Amino acid sequence: MLIVMDSAASAEDVRRVVDTVVGLGLQAHAIPGAQRTAIGITGNKGSVEAGAFENLPGVAEVIPVSAPYKLVSREAKRENTIVSVGGVAVGGPQVVVIAGPCAIESEGQALEIAQLVRQAGATLYRGGAFKPRTSPYSFQGLGEQGLKILAKVREETDLPIVTEVLDTETVDMVAEYADCLQVGARNMQNFSLLKRLGRVKKPVLLKRGMSATLEELLLSAEYLLSEGNYQVILCERGVRTFSDHTRNTLDLSAVPYVQRISHLPILVDPSHGTGKRQKVLPLSRAAVAVGADGLIVEVHPHPETALSDGPQALLPEMFVELMRQVRALAPVVGRTA
Ligand code: PEP
Ligand code: MN
């Protein structure tokens, strides 16, 4: 159930509704919007009696929410959510481009790539300090040392940092350094991690699991919002199919679908989505054309020596070209870049 407040409702009116919800033994989630506040109700087993709220002062409408996801839905909030990542607006008019290596390998490597992507026009920097690897013998990331390098990158380039958090034990540590915490595809349904991140005061970039439906993606986002974190960015990064010409199958139709049912921003990751550097540029164009709020791409000047994901890393000049094309395309779909 969703209670939509009148645009003229006072803070006192909102508080009265919240108190009434809590009095019924349920949870209330006030979602402030540009025009009005909506209050989502969760915790009910069956339907909630609308009559308990309809006549309270300031209440405009009581809407039963049929979708399994409530707080992430457009029913809860009509206008797009804009998430600020270290001052960069994600979900606004600008198509954001997050770029950097798959993994932080050394200070020199991280800084070299950061200078280069910043010069080309990237707005955020990515790089993993904790890497989820299929094999336990593969490079696992530099850990806290990698986070310290990321902090240095931000200091030197002013680019806010997006980096992955692998488990609940390291949430506080990663949150101390990062501007945005990435939940990787393999962790999309790590519910204890999601609940913990729901209580963190930093934005979360939630990647779609490699076999997850969009309903499952949105329900994972719902975990974050229901714990109080509304700064959530979704990311389509390809799913596993029978196709074997690419590493994954980049499901670009997810973008308009998610945008219809949710107010959260959605990015596209054509690097993991294809696994091949030659395919990153065409799929980036397609992502912008389909209306994605931004891209997250991997860049490496020496991919042959990269400690992870070398085959999909863009060479510096390819990233420059990507930025040029994104800037040219964005206005066609009413955006900037
Ligand atoms: C990554 O961004 O480097 C990564 C591991 O992504 P995913 O979780 O989408 O595989
Ligand atoms: Mn990677």
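The values are calculated or read from the model by the stated rules, or taken from the named source; none is laboratory data. Every value quoted in this text rests on a predicted model; they were computed, and no experiment measured them. Note that each Cβ is placed from the backbone with ideal geometry, even for glycine, and that neighbours are counted across all protein chains shown. Note: accessible area is taken over every heavy atom of the protein model, side chains too, but ligands, DNA and RNA are not part of it. Shrake-Rupley method; radii C 1.70, N 1.55, O 1.52, S 1.80 Å.
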*Report, by chain and number, residues whose modeled amide H sits under 5 Å from the one on Val97, excluding near sequence neighbours (fewer than 5 apart, same chain).*
Thr123, Leu124, Leu295
_Residues Ala67 and Gln145, FRET efficiency given R0 of 41 Å [Cβ-Cβ distance, rounded to 0.05]_ = 0.40
*Give the angle, between 0 and 90 degrees and rounded to the nearest 10, that separates the Cα long axis of helix 11-23 from the longest principal axis of the Cα atoms of the chain.*
80 degrees
*Divide, for the chain, the radius of gyration over alpha carbons by 2.2 N^0.38 Å, where N is the residue count.*
1.03
_Value at 222 nm in deg cm²/dmol, rounded to 500, when DSSP H runs of n ≥ 4 in the chain each add -39,500 (n - 2.57)_ = -10000 deg cm²/dmol
*Roughly how many Å is it from the Cα centre of segment 290-307 to that of segment 45-66, as a whole number?*
46 Å
*Gain upon complete extension [Thr241, Thr134; 0.36 nm per residue less C-alpha separation]*: 36.7 nm
_segment 189-337, accessible surface, carbon-and-sulfur percent (1.4 angstrom probe)_ = 56 percent
*Got the relative contact order for segment 168-221 handy, in percent, Cα pairs under 8 Å and 6 or more residues apart?*
39 percent
*Using a 1.4 Å probe and counting only protein heavy atoms, arrange Ser262, Ser84 so the residue with the most accessible area comes first.*
Ser84, Ser262
_the chain: angle of helix 144-157 to the longest principal axis, Cα-based, in degrees nearest 10_ = 90 degrees
_³J(HN,Hα), Karplus 6.51/-1.76/1.60, whole Hz, each residue of segment 256-273, x for Gly, Pro_ = x, 5, 4, 5, 6, 9, 10, 8, 7, x, 9, 9, 10, 10, x, 6, 6, x
*asked:* Cβ neighbours within 10 Å, averaged per peptide: list 167-173, 247-253 in order, most packed at the top.
replied: 247-253, 167-173
*Stretched out fully, how many nm does the piece from Asp172 to Ser253 gain, at 0.36 nm a residue minus the Cα gap?*
25.7 nm
*Mind grabbing the accessible area of Leu166 for me, 1.4 Å probe, Å², rounded to tens?*
40 Å²
*Compute the FRET efficiency between Ala50 and Asn80 as 1/(1 + (r/R0)^6), taking r as their Cβ-Cβ distance and R0 = 35 Å, and round to the nearest 0.05.*
0.80
*Whose amide H sits under 5 Å from the amide H of Gly128, counting only residues 5 or more places off or on another chain, with H placed in the peptide plane?*
Ala103, Ile104
*Between segment 200-244 and segment 100-122, the Cα center-to-center distance that results, in Å*: 25 Å
*the chain: angle of helix 277-290 to the longest principal axis, Cα-based, in degrees nearest 10*: 30 degrees
*Whole-number percent relative contact order across the chain, with pairs defined as alpha carbons under 8 Å at least 6 apart*: 16 percent
*Output ³J(HN,Hα) for segment 179-192: one whole-Hz value per residue in order, computed from phi by the Karplus curve 6.51 cos²θ - 1.76 cosθ + 1.60 with θ = phi - 60°, and x for Gly and Pro.*
8, 8, 9, 8, 9, x, 3, 5, 10, 4, 10, 7, 5, 5
*Could you state the accessible area per residue of segment 231-337 in Å², with a 1.4 Å probe and every protein chain left in place?*
40 Å²
_Solvent-accessible area of Leu116, probe 1.4 Å, all protein chains present, reported in Å² to the nearest ten, please._
40 Å²
*DSSP beta bridges in the chain [antiparallel fraction, %, rounded to 5]*: 40 percent
*Under the definition of Cα pairs under 8 Å and six or more residues apart, what whole-number percent is the relative contact order of segment 66-113?*
17 percent
